[in-house]
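Inspection log for the structure reproduced underneath, given as structure tokens.
Each value in this text was obtained by applying a stated rule to the coordinates, not by laboratory testing. Everything quoted here is computed from the prediction, not taken from an experiment. A quick note on method: Cβ atoms are made from the backbone with ideal geometry, for glycine too, and the neighbour counts reach across all protein chains shown.
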Amino acid sequence: MAEFERHSYDVVVIGAGGAGLRAAIAAHDAGARTAIICKSLLGKAHTVMAEGGAAAAMGNLWPDDSWRVHFRDTMRGGKMLNNWRMAQLHAQEAPERVLELEEWGALFDRTPDGLISQRDFGGHRYARLAHVGDRTGLEMIRTLQQRAVALGIDVFMECTVTEVLTDDGAVAGAFGYWRESGRFIVFETPSIVLATGGIGKVYEVTSNSWEYTGDGHALGLRAGAPLINMEFVQFHPTGMVWPPSVRGILVTESVRGDGGVLKNSEGERFMFNYIPDFFKAETADTEEEADGWYDDKKNNRRPPELLPRDEVARAINSEIKAGRGSPHGGVFLDIASRRSPEFIQRRLPSMYHQFKELADVDITAEPMEIGPTCHYVMGGVEVDADTGASAVTGLYAAGEVSGGMHGSNRLGGNSLSDLLVFGRRAGLNAAYYAGRLSESRPQVSERDVTAAGKAALAPFSDAGRVDENPYTLQKDLQATMQRLVGIIRTREELTQALVELETLKERAKHIQVEGHRQYNPGWHLALDLANMLLVAECVATAALEREESRGGHTRDDFPLPSEDWGSKNLVLTEKDGVVSLKHQPLQTMPGELQQLFEEE
Amino acid sequence: MGYDLSMRVWRGDVDSGELAPYTVPVEEGEVVLDAVHRLQATQAPDLAVRWNCKAGKCGSCSAEVNGRPRLMCMTRLTDYDPDETITVTPMRTFPVVKDLVCDVSYNYEKARELPAFAPGPPDPDGKRRMMQADVERGQEFRKCIECFLCQNTCHVIRDHEENKPAFAGPRFFLRYAELDMHPLDTNDRRQLAQEAAGLGMCNITKCCTEVCPENIKITDNAIIPMKERVVDRRYDPLVWLGSKIFRRDERTEV
């Protein structure tokens, strides 16, 4: 197939958010010829939307903090379903990774003695998030982007990978297309790092951008890499609810970390009614104690507004259902009555800007209306903790597209640090593997290339029957997922979801795209939809199977966690379009780490 | 409440194009990007437009709305009269790819020409110390979301393709200033900013500042101080001598 543009690399990274950029930098530093492929322009990936900060036990403000405390917080936040080794590596290496960003030009907010300042966040025992106001993600992506540019790493912008190509079960390359021209492109490479982020776009109300269509999840699955924990989807407690066009846009947890509280329509600070037994010992039960905690963490326990996100999102959901919601179907988030306008503007400048510009709300003078929004998927490609390697030889995954690190629920701030720690590890190991291969590299087969090209063009061919509009199909998929696979789930609804997904899959076969191949968003969406439908099916399938409530998976018909389910993961695989599922026991934590939980 | 908005959207590619008229229903609280999306979903499925976050944080959906450079996601329909026709065209300074999408590679080329941050050694304990007051100047510039509206509006290149090779534009003057004011950097890029990046071609009309969606004071806080720093270096013999003897901030010219 000489007519396709071809490139050869040692390591190809798919995705240019925090994990992808960090992986590419690591692979480059390890001597690999490295390329980054991204769906959008460089610097626009979803990491840019991260607001609060990167969690790292540097101890700049609270010297008692250490990786052990961070590890323990992370495991408890994930309701002990985390891959313990990932949680350990993450807690141990996050400080070094954050400091490294400073070497590359990042300008974090400072403590009075000039070190990196750290802020409070839900589920973290100490103020631990390195931050820049409320635009930490922008700082991180710009720093990594500028580093990657300085190193001269090749970047293929607005280029979309539609297939990972394998040779006898090992990665051989990738097939994709240029958005600008619509022309195909083939990458020959033995190592691919998936760093494509999440799946939030399968829901109606989401904080995620259009790119979050589960590409890496689907690419991995189709190449033979199993996914784990797909039933766990994080609904962030605080998304905007009004006006309708901004519904779902994130309101950072920093608002609560910096003193904001949640109130219902009766003016009640309702989170005190929702403290679960699991967190009772470490959560304040009076407003007085909660308010004292910001300055004196030794003698006060944490405010219930700073419980992990799954707890807070469920509580808000209950308040709204009980008829104590705000006028537009949310609850109130109030920092105006608790902090000075100067403090709010300095600490939360983009929140101030966002509400002022998009909702005519002055957050220094009045409360915000907020409600849960789909934010993050804990599930993803199952990887080896130390190397980021998936079950497919040569295929690595890092960041949101990988699974295990966050268990059943991710703590705020642990994502940015996760990207750095495991982005680097995946990049290094992808490079080492390519280096070890020498000349005997897997070969891209012409048959696979032809098939991938044909599949990518399918939406243009006249199916001869009812034409489906990709935009309508996406909307219908989002409606199904929102209605039937949302925060609170039941067997009936999940079963119904799977039925509706089958219909949607059938309809997707008849998608008809108008226009030509050059920068055609309708065509692009048609290709994304195949991935979205596959990951939506994975989420619904796993959610139906897990008959308990834990973290980002709440079953109305099984409202409590069960010990049996707490000891296993659900693993999903795909063959010929059929998704299958099996149970897999959790890896056992070594004794010295287990001790950290027995000391309670 | 909702109404039928009349719009004109530029449709075409590098060879030719025209303003296509549309009528699209819009709802309360919506922004121009919502209208464009509805157009795409219901009437013009192949309408090309860049966007990502839809919250003013990624800088993807830059265009010209009634001739004014704006982010479509931050331009509320309430800013216009419901009877008014809203015209959306691509940024004029960059070559069109298709419809509202431009080829902005000029900006990525300029980014590559800029020498990277080069810190000195850390403190003996391996950490780096900077005071909040010292990082705040750079932080203002790092709010930049790279929407390239400042580049688009700058008259040095807006209708002067011939100036592009020698002119990096306001976005990168911001970057030069940021690095020059970084407490830990060791490179002196003033000569470079003036000569290779064309800082001298800017005659501070402040158009860039006016269109910045992040409200960065590009001209006052970055370009003018940078021009002063260049002048200090070039024309004051005492400063010149001083810089030879007591190398300024321990910086090395690049």
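Rounded to the nearest 0.05, what FRET efficiency is calculated for residue B:205 and residue B:79 with R0 set to 25 Å and r the Cβ-Cβ distance?
Working: r = 24 Å, r/R0 = 0.96.
With a Förster radius of 25 Å, E is 0.55.
The relative contact order of segment B:105-253 comes to 27 percent, based on Cα pairs under 8 Å that sit 6 or more residues apart.
Over segment B:3-102, what is the relative contact order in percent, taking alpha-carbon pairs closer than 8 angstrom and at least six residues apart?
On the way: 191 pairs, mean separation 34.8, N = 100.
Relative contact order, segment B:3-102: 35 percent.
Taking chain B as a whole, the Cys residues whose C-beta sits 4.7 Å or farther from every other Cys C-beta are B:61, B:73, B:102, B:144, B:147, B:154, B:202, B:207, B:212. Take each residue of peptide A:99-107, count the partner chain Cβ atoms within 10 Å of its Cβ, and average: the result is 5. Rounded to the nearest 20, the size of the Cβ-charge dipole of segment A:351-479 about its Cα centre is 600 debye, with Lys and Arg at +1 and Asp and Glu at -1. Between the helical axis of B:224-235 and the longest alpha-carbon principal axis of chain B there is an angle of about 30 degrees.
The relative contact order of chain A, computed from alpha carbon pairs under 8 Å that lie at least 6 residues apart in sequence, is 22 percent. Per-residue Cβ neighbour counts within 10 Å put B:202, A:538 in the sequence B:202, A:538, beginning with the fewest.
Sorting A:232, A:278 from the fewest to the most surrounding beta carbons within 10 angstrom yields A:278, A:232. Assuming charge only on the beta carbon of Lys and Arg (+1) and of Asp and Glu (-1), the dipole of segment B:3-102 about its Cα centre is about 480 debye to the nearest 20.
Between the listed residues A:63, A:570, A:533, the Cα displaced farthest toward the positive end of the dipole of chain A, a dipole computed from Cβ unit charges relative to the Cα centre, is found at A:533.
Arranged from highest to lowest average of other beta-carbon atoms within 10 Å per residue, in what order do the peptides A:111-123, A:372-384 appear? Display every interim value, and only then the final one.
Details: A:111-123: 21.2, A:372-384: 27.5.
Order by mean packing, descending: A:372-384, A:111-123.
In a reduced charge model with +1 at each Lys and Arg Cβ and -1 at each Asp and Glu Cβ, the protein assembly as shown shows a dipole moment near 1300 debye about its Cα centre. For peptide B:106-116, the mean count of partner chain Cβ atoms within 10 Å of a residue's Cβ comes to 3. Note on segment B:105-253: dipole from Cβ charges, positive end direction compared against B:231, B:207, B:196; the farthest Cα belongs to B:231. Phi angles across segment A:225-233 convert, under the Karplus curve 6.51 cos²θ - 1.76 cosθ + 1.60 with θ = phi - 60°, into 3J(HN,Hα) values of 8, x, 9, 10, 6, 5, 6, 9, 10 Hz, Gly and Pro given as x. Helices in chain A that qualify as membrane-span-like (whole DSSP H runs, Cα extent of at least 27 Å along the helix axis, mean Kyte-Doolittle hydropathy of 0.5 or higher) are A:521-545. Among the residues of B:125-132, the average count of other protein chain beta-carbon atoms within 10 Å of the residue beta-carbon is 5.
When the charge dipole of chain A is built from unit charges on Cβ atoms (+1 for Lys and Arg, -1 for Asp and Glu) and taken about the Cα centre, the candidate among A:512, A:396, A:50 whose Cα reaches farthest toward its positive end is A:512. Of the trypsin sites (Lys or Arg not before Pro) in segment A:485-550, the ones in a loop by DSSP (not H, G, I, E or B) with at most 16 other beta carbons within 10 Å are A:509. In vacuo Debye scattering of chain B, one point per C-alpha: log10 I(q)/I(0) at q = 0.17 Å⁻¹? Evaluating at q = 0.17 Å⁻¹ gives log10 I(q)/I(0) of -1.23. The fraction of all Cα pairs in chain A landing in successive 20 Å bins from 0 to the largest distance is 21, 57, 21, 1, given as whole percents. Each of A:287, A:548, B:18, A:468 was scored by other Cβ atoms within 10 Å of its Cβ. Listed from fewest to most, they are B:18, A:287, A:548, A:468.
Would you mind checking segment A:172-204 for residues with the amide N under 19 Å from a putative spin-label position 7 Å along Cα→C-beta of residue A:6? Label zone hits: A:172-178, A:183-192.
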